[in-house]
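Before any comments, here is the structure.
The values are calculated or read from the model by the stated rules, or taken from the named source; none is laboratory data. Here the structure is a predicted model, which is why all the values come from computation and not from measurement. All Cβ positions, glycine included, derive from the backbone under ideal geometry; neighbour counts span all protein chains shown. Protein only, heavy atoms only, side chains kept; ligands, DNA and RNA dropped before computing areas. Shrake-Rupley method; radii C 1.70, N 1.55, O 1.52, S 1.80 Å.
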Amino acid sequence: QVQLVESGGGLVQAGGSLRLSCVASRSIVSFSPMGWYRQAPRNQRELVASITNGGSTNYADSVKGRFTISRDNTKNTVWLQMNSLKPEDTAVYYCNVHSMMTGRDYWGQGTQVTVSS
């Protein structure tokens, strides 16, 4: 079991930046990949970015060049740096981790990101 706590969401104007953090309740060395998903009203939850233990990253086309995912296993934390935000980035952002031991996925409670035009 692992609990994930996200923070860093909020209201920002278009063109602004936010940095989301996801802190795990225990070591994340056995979790890979770790990722951020988002869900806007009336939309399906979608992958935004993911990162493996080896540091390989994957991004949705819509955020490439604007968002950066990173992780620090010593701090049990994964971050999502979001720059040049657009109104269409407005959504609830969720942290997700995949256990390499059990194959189970864990989710955080979500953090709201609202980008005003």
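Asn58 passes every criterion in (1) assigned to a strand (DSSP E or B); (2) surrounded by 15 or more Cβ atoms within 10 Å (Cβ to Cβ) apart from (2). Of the residues making up the stretch 5-26, just one is in contact with a Gly (Cβ under 6 Å, 6 or more places away or on another chain) and open to solvent by 50 Å² or more (accessible area, probe 1.4 Å), namely Arg19.
Give the residues of the stretch 84-94 that are open to solvent by less than 60 Å² (accessible area, probe 1.4 Å) and of a type in the set (D, E, K, R), sorted by residue number. Asp89 - this is the single residue of the stretch 84-94 that is open to solvent by less than 60 Å² (accessible area, probe 1.4 Å) and of a type in the set (D, E, K, R). Count of the stretch 42-55 residues, restricted to those that are surrounded by fewer than 16 Cβ atoms within 10 Å (Cβ to Cβ) and not in a loop (DSSP other than H, G, I, E, B), is 2.
Can you tell me which residues in the stretch 95-106 are in a strand (DSSP E or B), open to solvent by 40 Å² or more (accessible area, probe 1.4 Å) and touching a residue at least 12 places away in the same chain (Cβ under 8 Å)?
If we filter the stretch 95-106 for residues that are in a strand (DSSP E or B), which is where we start, we get 95-99, 105-106.
Of the ones still in play, those that are also open to solvent by 40 Å² or more (accessible area, probe 1.4 Å) are 98, 105.
Residue satisfying the conditions is His98 alone.
Pick from Gln109, Gln81: which is outside any strand (DSSP E or B), open to solvent by 10 Å² or more (accessible area, probe 1.4 Å) and modelled with pLDDT of 95 or more? Show your work before the answer.
Values: Gln81 fails: outside any strand (DSSP E or B).
That would be Gln109, the only listed residue that is outside any strand (DSSP E or B), open to solvent by 10 Å² or more (accessible area, probe 1.4 Å) and modelled with pLDDT of 95 or more.
Assess whether Val29 counts as being assigned to a loop (DSSP other than H, G, I, E, B), crowded, with 16+ Cβ neighbours inside 10 Å and either of a type in the set (Val, Ile, Thr) or touching a residue at least 12 places away in the same chain (Cβ under 8 Å) (or both). No; evaluated as a whole, the condition is false for this residue. Within the stretch 61-78, the residues that satisfy the criterion of being open to solvent by 60 Å² or more (accessible area, probe 1.4 Å) and of a type in the set (Ser, Thr, Tyr) are Ser62, Thr68, Thr74.
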